[in-house]
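Worksheet: one structure, shown below.
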Amino acid sequence: MRLGNLALIAAFAALVPAAAIAGPVETFVEIPGGPGPLKGTMLTPVAGAGGPAVLMLVGSGPTDRNGNNPLGVSGSTYRLMAEGLAAQGVTSLRVDKRGMFASGLAAADPNAVTVADLAADAHAWAAKLKTETGAPCVWLEGHSEGALVALLAARDSTDLCGLILISAPGRRFSDALREQLKANPANAPLLDQALPAIDALEAEKPVDTTAMHPALLSLFRPNIQGFLIEMFKHDPAKLAAAYAGPILLLQGDSDIQVSVADAERLAAAQPNAKLVILSGVNHILKAGSRDRAETQANYADPSLPLAPGVVEAIADFIKAQPGTN
């Protein structure tokens, strides 16, 4: 009887194509990064599969390739996104930023790494992903700060299919930072120092932090002021207006870090972009409300899946673009 069962299983397996029963293939990849290598994780639907390829550019601060950071975010947004895209037949590559995590040796000082550096790295990674997959071009998927990196990289469209901009600031980072600080009532005692500091950095002037409130030092400490000065120069809407390729703007209406108005500003600047507003979706693409306490708990919960419709919106947009898959 046991042999009969084995024979039946073997016969069934022979009727099912290997691609239908194979799972995604995870490959650790790296490229030269100067002092040390840049490293990332590629997830392919099945070994040797063709189809579209997406390079994921992570958000701000010490955020790793999976979407987690030591500041209270453990939602693994990018890992979940990669797994969801693989199920849709899309290969992805998610990477650690220059100077951080497994790419730490690629920069002596991670605070000296600029968004222009990250945009250059994005092109190097796109070339690597093309080589690995044989795709005709690569989609840049930027989340939050990563969306600005994608827009800067897209000034040179070599190797690029188009842009997926998720929770993307539509204004200069300085304007978004002012709004975020003002939106939290707990920050009221800090605004007399924080707002003039933003003004100074916007004017490309260093800020003296000697007497600054300790709660602001992590934001304005001297070794990251150069990064902020460069960030404040770039207007995402102007960059979007200048890019002629396909753009998907994906924005959750429960996001308390980037607003629907940001996405609408980008859409107004580039009318050819497709704007998708996701109801009840927060900044890390999980289902939630705009309540701050609930959002903080949501960010720290690794068990939550991505909100329904997030992966599908991206995969459907990519597959609908002729000549890029």
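The values are calculated or read from the model by the stated rules, or taken from the named source; none is laboratory data. Note that the coordinates shown come from a computational prediction; the quantities given were computed from them, not determined experimentally. Every residue, glycine among them, receives a Cβ derived from its backbone with ideal geometry; neighbour counts consider all protein chains shown.
In the stretch 115-130, is there at least one residue being more than 20 Å from Ile247 (Cα to Cα) and among the acidic types (Asp, Glu)? For the stretch 115-130, residues more than 20 Å from Ile247 (Cα to Cα) and among the acidic types (Asp, Glu): present.
Taking the criterion of being of a type in the set (D, E, K, R) and surrounded by fewer than 24 Cβ atoms within 10 Å (Cβ to Cβ), the residues of the stretch 138-190 that qualify are Glu145, Arg155, Asp156, Asp159, Arg171, Arg172, Asp175, Arg178, Glu179, Lys182. Contact annotation: no residue pair with Cβ atoms under 7 Å, 6 or more positions apart or on different chains, pairs a residue in the stretch 262-275 that is at positive phi with a partner that is part of a helix (DSSP H, G or I) and surrounded by fewer than 21 Cβ atoms within 10 Å (Cβ to Cβ). Here Ser92, Ser76, Ser103 are screened, and the one residue that is among the small types (Gly, Ala, Ser) and farther than 17 Å from Leu55 by Cβ is Ser76.
Within the stretch 281-304, track down each residue that is surrounded by 15 or more Cβ atoms within 10 Å (Cβ to Cβ) and not β-branched (Val, Ile, Thr). Matches in the stretch 281-304: Asn282, His283, Leu285, Lys286, Ala287, Gly288, Asn298, Tyr299, Leu304.
In the stretch 273-290, is there at least one residue being in a helix (DSSP H, G or I) and touching a Leu at 6+ places or on another chain (Cβ under 9 Å)? Scanning the stretch 273-290, I find no residue that is in a helix (DSSP H, G or I) and touching a Leu at 6+ places or on another chain (Cβ under 9 Å), so the answer is no. Considering Ala237, Ala269, the condition of being within 21 Å of Glu202 (Cα to Cα) and touching a helix residue (DSSP H, G or I) at 6+ places or on another chain (Cβ under 9 Å) is satisfied by Ala237 alone. The sole residue among Gln225, Gln251 that is touching a residue at least 24 places away in the same chain (Cβ under 8 Å), in a helix (DSSP H, G or I) and over 23 Å from Cys137 (Cα atoms) is Gln225. Taking the criterion of being over 17 Å from the mean Cα position of the chain (by Cα) and farther than 18 Å from Ser254 by Cβ, the only residue of the stretch 305-316 that qualifies is Asp316. Among residues of the stretch 36-63 that are outside the structural domain of Ile247 (by TED's automatic domain parsing), none has a Cβ under 9 angstrom from a residue that is acidic (Asp, Glu) and at pLDDT 95 or above at a sequence gap of 6+ or on a separate chain.
In this structure, is Val207 crowded, with 16+ Cβ neighbours inside 10 Å, in a helix (DSSP H, G or I) and not small (Gly, Ala, Ser)? Here the answer is no, as Val207 does not meet what is asked. Against the test of being of a type in the set (A, V, I, L, M), in the same structural domain as Ala168 (by TED's automatic domain parsing) and either at pLDDT 95 or above or under 20 Å from Met81 (Cα atoms) (or both), the options Ala313, Ala293 yield a single qualifying residue, Ala313.
Taking the stated definitions as given, is Gln180 within 27 Å of Gly309 (Cβ to Cβ) and more than 15 Å from the chain's Cα centre (by Cα)? Judged against the criteria, Gln180 is a match.
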